[in-house]
Amino acid sequence: MNEHDTLGERLAQQGISRRSFLKFCAALASMMALPPGAASAIAETLIKTKRPSVIWLSFQECTGCTESLTRSDTPTLENMIFNMISLDYHHTLQAASGYGAEKSREDAMKEFYGKYLLLVDGSIPLKDGGIYSTIAGRTNLDLLQEVAKGAAAIVAVGTCASFGGIPEARPNPTGAVPVSDIIKDKPIINVSGCPPIPVVITGVLAHYLTFGELPALDDLGRPKSFYGQSIHDRCYRRPFYDQGKFAKTFDDEGARNGWCLFELGCKGPITHNACATTKWNGGTSFPIESGHGCLGCSEPHFWDGGSFYAPLSTPTSPLNLATDAVVAGAAIGAGITIANRMKKNAAKSEHQTATVADLEK
Amino acid sequence: MNLQNIPVSIESAEEYSIGSLHALLVEIATLLEEFARDGTRGSIDLNSLPFAAGEYDKLRQFLGQGEVSVRIEAVGPSEIMETRYPGVWWVTHYNVEGDIVADMLEITDIPEIIKSQSADIAAGLELLRAQLNDEVPQ
Amino acid sequence: MDQDLFLTWVRSTGLNIALSIFVLGMLWRLFEIYTLGRKPDLAVPRRVAGASGLRTMFRRSLISPRTYGSSALGYIAGYVFHIGLAIVVLLFAQHIKLIQSITGLSWPSLPAQFIDAAAVVTLATMLLVLVDRISTPVKRFLSTFQDYAAWALTFLPVLTGYLVTKHLLLPYTTMLALHILSAELLLIFLPFTKLIHVFTLWGSRWYNGDVNARKGVAT
């Protein structure tokens, strides 16, 4: 079986009925927030697509994003996405290892130069020449720059690849940066989240494969269909926020009644993601529904945004009035002294002495 | 504490409403009218709508069960049912692990997925002919 | 600087600077005022001076035609917006959390619909007060840049706060950061403008009553 047959041919070879595929496209349409009627159109397009080559580079990451995407090894609708693409290189999922693995990557790059899709998870360390993360003896920076050259587009999977994530959090000892800080000449989609919702990852891939172009992106490079609204905008506990009914601790009466979690540190208002609608674990629930405030994991620098349990209206860290006060005090004192001195000098210089003769005029 | 001993309380359906239900029913009525008038099919993706606890069940209760119920096994089960309002079908797709992957209302005379697909018919015909040739050599 | 970084800055460094200048500034100004001192009054006061002071604090707070004269609307609007401001600042759950995080004190909050209404009333009456200042010839003549600046410093936090809760004008994160920034600017300039009346009002009324009692006109 040729790895790069059309999708239709591949499905037929695997004995997957067209009806099954139609069901998968209905799920895809729902994922991509397209009207359900688009399912047949999607099916017709995809069935004729030749499976594109996908290279997945894992850098400074925890593998959570891959875990999110591939929760089981039984054939599922979500995993049908792997029928739609030819995953030619992935550390965790590929069977090959060592030089064999590197060779399959190089072969894929050569054969599909300019057309393959590059998926990256994890941030890229830059400090000390980038030696803090290497693969097969090469720094992440080096590898990324080489593989990106022949890529048609890059999908930065997870907050680490999109914005730097946890390695980039203060004090950022490895000099971690996101993909978009290094590659400037290729289209990049940021699928952020720690990890991203699995159907969001597959939905973005499906969109690219169906329509041959990147979905509409927001100002942080995230697809608007999934990141266009904040958690707060679609939260089912919103009526309680609007009425000012807040849970004060994790197990009080308000919490049991499902009241808003703002006072327990929920970052829902400033976080854009699909958690409130698409939810997790196949639509089971999402953090707020399970009683814990949103962490803001799809936003840049969320690790440095203060305690997860500090409400948005409070300071992010204990106030440090002492040193800042000294600085402020010195500044004010100096400023006022200078102003007063200047006033005094100006008055002095403008002072005109008067003599009796002047007065008699 | 034993796993079995942790108390679990289930939210009752009589909680509160955030108004989604009424708006949804109005939309269903509008789409059904359009279909009755000129055959324009409609669909509503239920996954994308925010439901308060209990509102989803209220929708099920309201739409009820009609005369037709279909079960499909295609990489996981799918349940399709005509509601008590003919022309309003509730289609739910599950994956093999039982998670919902698509949940929608279709306003139509019959949902597309129930019909036999032409590619499958062609493949099935080929298989049938091959088996006829094998079994009945004449 | 992206909007998340901006928000984190106003919630950390910005707040530190603002509170430091506020505390320092207030201490310095109050110190300045109270160390002005007065020459000891060697004469016997004609009335009980302290009582007159207390009485003045009370009587100057009452509304009477003698006090507001021909500017009833502006006077009453002034009262209304002060009360509205107090409700919005002190009885909104999110603000109470902020005060609790700084001082440890907390108290029950009002339902959000009431705060909403109070905010709208505050904005409307503050605009009324501004219009009154501009349209009354005497008030306009007496008004300086500082008067308008003090008005703006107080108006902006209420306006931006309202816009945040209603998700209007700018994306939420930026709007929230601007709201916090406007409150921090208010804190910074409060000790150095007439807004210091927040702390000096009662002392000032007491002093006036006290001084007048010694001169023979008990108020």
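The values are calculated or read from the model by the stated rules, or taken from the named source; none is laboratory data. Note that the structure is predicted; figures quoted are calculated from it, not measured. Counting neighbours? That spans all protein chains shown, and the Cβs are built from the backbone with ideal geometry, glycine included.
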message: If I filter the range A:115-132 down to residues being touching a Leu at 6+ places or on another chain (Cβ under 9 Å) and part of a helix (DSSP H, G or I), which single residue comes out as nearest to A:Tyr89 (Cα to Cα)?
response: A:Gly130
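Looking for whichever is surrounded by fewer than 18 Cβ atoms within 10 Å (Cβ to Cβ), over 30 Å from A:Arg238 (Cα atoms), more than 14 Å from chain A (Cβ to nearest Cβ) and among the aliphatic types (A, V, I, L, M) here; the options are C:Ala77, C:Ala86, C:Ala72. Which one fits? Break it down into steps so the answer makes sense when it comes.
Numbers: C:Ala77 fails: surrounded by fewer than 18 Cβ atoms within 10 Å (Cβ to Cβ); C:Ala86 fails: over 30 Å from A:Arg238 (Cα atoms).
Result of the check over C:Ala77, C:Ala86, C:Ala72: C:Ala72.
Here's the yes/no breakdown for (1) among the hydroxyl-bearing types (Ser, Thr, Tyr); (2) without any contact (Cβ under 8 Å) to a residue 12 or more places away in the chain:
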position	(1), (2)
C:Lys166	no, yes
C:Leu169	no, yes
C:Thr173	yes, no
C:Ile180	no, no
C:Phe199	no, no
C:Ala213	no, no
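Out of curiosity, is C:Val138 of a type in the set (A, V, I, L, M) and either part of a loop (DSSP other than H, G, I, E, B) or without any contact (Cβ under 8 Å) to a residue 12 or more places away in the chain (or both)?
Spelling it out, C:Val138 is indeed of a type in the set (A, V, I, L, M) and either part of a loop (DSSP other than H, G, I, E, B) or without any contact (Cβ under 8 Å) to a residue 12 or more places away in the chain (or both).
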query: Across the range A:323-357, what is the total count of residues that are surrounded by 10 or more Cβ atoms within 10 Å (Cβ to Cβ) and modelled with pLDDT under 80?
result: 20
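Conditions tested, residue by residue: (1) charged (D, E, K, R); (2) assigned by TED's automatic domain parsing to the domain that holds A:Gly137; (3) touching a Ser or Thr at 6+ places or on another chain (Cβ under 8 Å).
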residue	(1), (2), (3)
A:Lys23	yes, no, yes
A:Ser30	no, no, yes
A:Pro36	no, no, yes
A:Ser40	no, no, no
A:Ile55	no, yes, no
A:Gln60	no, yes, yes
task: Select the helices (runs of 4 or more DSSP H) contained entirely in the range A:30-114, then report the ones holding at least 2 residues which are in contact with a Gly (Cβ under 7 Å, 6 or more places away or on another chain), at pLDDT 75 or above and at positive phi.
output: none
- prompt: Residues in the range B:64-109 that are touching a Phe, Trp or Tyr at 6+ places or on another chain (Cβ under 7 Å) and touching a residue at least 40 places away in the same chain (Cβ under 8 Å): how many?
  reply: 6
Search result, residues across the range A:84-103 that are of a type in the set (S, T, N, Q) and either more than 25 Å from A:Gly212 (Cα to Cα) or outside the structural domain of A:Tyr116 (by TED's automatic domain parsing) (or both): A:Thr92, A:Gln94, A:Ser97
statement: Counting only residues that are small (Gly, Ala, Ser) and over 24 Å from the mean Cα position of the chain (by Cα), the range A:220-271 contains a total of 5
- request: Could you please find all residues in the range A:287-309 being aromatic (Phe, Trp, Tyr) and in contact with a helix residue (DSSP H, G or I) (Cβ under 8 Å, 6 or more places away or on another chain)?
  value: A:Phe302, A:Trp303, A:Tyr309
Residues (small (Gly, Ala, Ser) and more than 7 Å from chain B (Cβ to nearest Cβ)) located in the range A:13-42: A:Gly15, A:Ala29, A:Ala38, A:Ala39, A:Ala41
- request: For residues that are away from chain A (no Cβ under 13 Å) and part of a helix (DSSP H, G or I), scanning just the range C:179-196, find the one that is surrounded by the most Cβ atoms within 10 Å (Cβ to Cβ).
  value: C:Leu190
message: Please pick out the residue among B:Ile72, B:Ile44 that is part of a strand (DSSP E or B) and farther than 26 Å from A:Ser225 by Cβ.
response: B:Ile72
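Residues in the range C:92-110 that are among the hydroxyl-bearing types (Ser, Thr, Tyr) and within 7 Å of chain A (Cβ to nearest Cβ): how many?
Here the count works out to 2.
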message: Quick check on my filter: what residues within the range B:90-137 are small (Gly, Ala, Ser) and either touching a Ser or Thr at 6+ places or on another chain (Cβ under 6 Å) or surrounded by 15 or more Cβ atoms within 10 Å (Cβ to Cβ) (or both)?
response: B:Ala102, B:Ala119, B:Ala123
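Do we have B:Arg71 as at pLDDT 90 or above and either among the aromatic types (Phe, Trp, Tyr) or more than 21 Å from A:Arg18 (Cα to Cα) (or both) here? Don't jump to the end; show me each part of the working.
Numbers: at pLDDT 90 or above: yes; either among the aromatic types (Phe, Trp, Tyr) or more than 21 Å from A:Arg18 (Cα to Cα) (or both): no.
No.
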- prompt: Do any helices (runs of 4 or more DSSP H) lying entirely in the range A:133-242 carry at least 3 residues that are out of contact with any Ser or Thr (no Cβ under 7 Å at 6 or more places or on another chain), surrounded by 15 or more Cβ atoms within 10 Å (Cβ to Cβ) and not hydrophobic (A, V, I, L, M, F, W, C), and which ones are they?
  reply: A:198-211
message: When you check B:Asp57 against the structure, is it closer than 16 Å to A:Cys25 by Cα and either away from chain A (no Cβ under 13 Å) or in a strand (DSSP E or B) (or both), yes or no?
response: no
- prompt: Do we find that B:Gln65 is surrounded by 11 or more Cβ atoms within 10 Å (Cβ to Cβ), within 7 Å of another protein chain (Cβ to nearest Cβ) and more than 30 Å from A:Gln229 (Cβ to Cβ) in this structure?
  reply: no
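Listed here are the residues, each with its yes/no results for (1) more than 9 Å from chain A (Cβ to nearest Cβ); (2) at pLDDT 90 or above.
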site: B:Met81; (1), (2): yes, yes
site: B:Gly87; (1), (2): yes, yes
site: B:Val91; (1), (2): no, yes
site: B:Asn95; (1), (2): no, no
site: B:Met104; (1), (2): no, yes
site: B:Asp109; (1), (2): yes, yes
site: B:Gln131; (1), (2): yes, yes
site: B:Val136; (1), (2): yes, no
